[in-house]
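Written out below as structure tokens is the structure these notes cover.
The values are calculated or read from the model by the stated rules, or taken from the named source; none is laboratory data. All figures in this text were calculated on a predicted structure; none of them were measured in a lab. Quick reminder, even Gly has a Cβ in these numbers, built from the backbone with ideal geometry, and neighbours come from all protein chains shown. When the accessible area is computed, the model is the full protein with side chains, heavy atoms only, and any ligands, DNA or RNA have been set aside. Shrake-Rupley method; radii C 1.70, N 1.55, O 1.52, S 1.80 Å.
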Amino acid sequence: MKKNLIVLGFAVLAFSSCKQFKKGEGDMQYIIHEDKEGAVIKEGDFIALHAIQKTEEDSVMQNSYDYDRPMFVAEQKSAFKGDIYAALAMLSEGDSATFKINLDSLQQKMNMPKPPNTKGKYMIFTFKIDKVIPKGKLSDADFNGKIEQFFKAESQKAKNQEAGKISNYIKSKDLKPTVTPSGLNYVVEKQGSGPKPVAGDTVKLNYTGRFLTGKIFETSVVEIAKKENVFNPMRPYEPMKVAVGGSNTIPGFDEGLMLFSKGTKVSLIIPSKLGYGEQGNQAIPPYMPLIFDLEILDIIKPKAGAPAPVAATPQPAAPSAPGQ
């Protein structure tokens, strides 16, 4: 990092009253929490970082820790003096810092939507830089190769840690789950009655999907969506209908639907091998366990000649880069 920055240890981070923002370029203000040795981030570098974005009213807009994974950013040329990329350019691998960045400039120069009802002048970003891969004079092929190696290592680390994370989650919540031969864990909150669905039946249910961190990424229940700040006015909030036994969803979800009678409330803890596996997808990284809270509202027998409904498993949107 640049040596003219004021260095604050993590001990100081715990005491907000001790924090003193310093003047940066443009209208930026900053506090450095940890300063590691190393070259500062430059345009074109690849960055893996954790980020918390909030308003001056302390409303959290984005928190990468909710997703149990870092964000990935390519350092770019600043859009204005004192913007997000100027902030990142003050840091190196291992550093952490908090920045106040002008909200009007973010809106005008970087097309960042201004949060409704906010009265503050700044958006506040706290960054922890996990990894920097410098572009330097590397060819595109060599640079992309280093990034690919990084992702492979991250994937292997996630694979090695997954079982422990699931076990720690269960212990921390003092749960006593039932475990099926496939490895699906489930905890029944309310036992239903009547027959269980069979292949070809349609299950009507309400659902809430979340990560082990507790972060809810999707729900069919409007009250939960609003409470957890995931409400999307463009989508309907209503029970989902899923044909069971037809591999219309991830394996753990499909298996779980066939285990419960009408009226059951249950939480499924789905390991990645029954979810999106070692590949993940655009929104869910490799080896990511998921939790679904289900309420079985009805079990509908098929009518002759009627096509069964198809519903994809609800999943989160991919976290955007800071400020987007």
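Can residue 217 be described as surrounded by 14 or more Cβ atoms within 10 Å (Cβ to Cβ), assigned to a strand (DSSP E or B) and at pLDDT below 95?
Yes.
Which residue, of 304, 317, 311, is open to solvent by less than 70 Å² (accessible area, probe 1.4 Å) and either in a loop (DSSP other than H, G, I, E, B) or at pLDDT below 80 (or both)?
After applying the criteria, what remains is 311.
Of all residues in the stretch 93-118, which are assigned to a loop (DSSP other than H, G, I, E, B) and either buried (at least 19 other Cβ atoms within 10 Å of the Cβ) or aliphatic (A, V, I, L, M) (or both)?
Hits for the stretch 93-118 are 93, 95, 112.
For the stretch 221-236, give me each residue that is open to solvent by 50 Å² or more (accessible area, probe 1.4 Å) and either in a loop (DSSP other than H, G, I, E, B) or touching a Lys or Arg at 6+ places or on another chain (Cβ under 6 Å) (or both).
Within the stretch 221-236, 228, 229, 231, 232, 233, 234, 235, 236 qualify.
How many residues are more than 15 Å from residue 183 (Cβ to Cβ), open to solvent by less than 20 Å² (accessible area, probe 1.4 Å) and without any contact (Cβ under 8 Å) to a residue 24 or more places away in the chain if we restrict to the stretch 255-279?
0
When you go through (1) under 26 Å from the mean Cα position of the chain (by Cα); (2) open to solvent by less than 30 Å² (accessible area, probe 1.4 Å); (3) over 29 Å from residue 303 (Cα atoms) one by one for residue 187, which number turns out not to apply?
(2)
From the list 169, 186, pick out the single residue that is in a strand (DSSP E or B), at pLDDT 95 or above and under 21 Å from residue 288 (Cβ atoms).
Every option except 186 fails the conditions.
Which condition number in (1) exposed (fewer than 15 other Cβ atoms within 10 Å of the Cβ); (2) farther than 26 Å from residue 279 by Cα; (3) out of contact with any helix residue (DSSP H, G or I) (no Cβ under 6 Å at 6 or more places or on another chain); (4) not polar (S, T, N, Q) is the one that residue 153 fails?
The one condition residue 153 does not meet is (2).
Under 7 Å between Cβ atoms, at least 6 apart or on separate chains: pull out the pairs that start in the stretch 129-156 with a residue that is of a type outside the set (S, T, N, Q) and end on any residue that is assigned to a helix (DSSP H, G or I) and surrounded by 11 or more Cβ atoms within 10 Å (Cβ to Cβ).
131/150; 133/146; 133/147; 133/150; 135/143
Would you please name the residue that is farthest from the chain's Cα centre (by Cα), looking only at residues in the stretch 32-54 that are more than 28 Å from residue 141 (Cα to Cα) and of a type in the set (A, V, I, L, M)?
32
Only one of 127, 143 is open to solvent by less than 90 Å² (accessible area, probe 1.4 Å), within 12 Å of residue 48 (Cβ to Cβ) and in the same structural domain as residue 68 (by the TED database). Can you tell me which?
Answer to the check: 127.
Identify all residues within the stretch 27-61 that are more than 17 Å from residue 93 (Cα to Cα) and small (Gly, Ala, Ser); write none if there are none.
59
Considering only the stretch 251-286, state which residues are more than 19 Å from residue 194 (Cα to Cα), among the hydrophobic types (A, V, I, L, M, F, W, C) and out of contact with any strand residue (DSSP E or B) (no Cβ under 7 Å at 6 or more places or on another chain).
274, 283, 284
Filter the stretch 157-184 down to the residues that are in contact (Cβ under 8 Å) with a residue 24 or more places away in the chain and either in contact with a Cys (Cβ under 7 Å, 6 or more places away or on another chain) or open to solvent by 90 Å² or more (accessible area, probe 1.4 Å) (or both) and list them by number.
The one that is in contact (Cβ under 8 Å) with a residue 24 or more places away in the chain and either in contact with a Cys (Cβ under 7 Å, 6 or more places away or on another chain) or open to solvent by 90 Å² or more (accessible area, probe 1.4 Å) (or both): 159.
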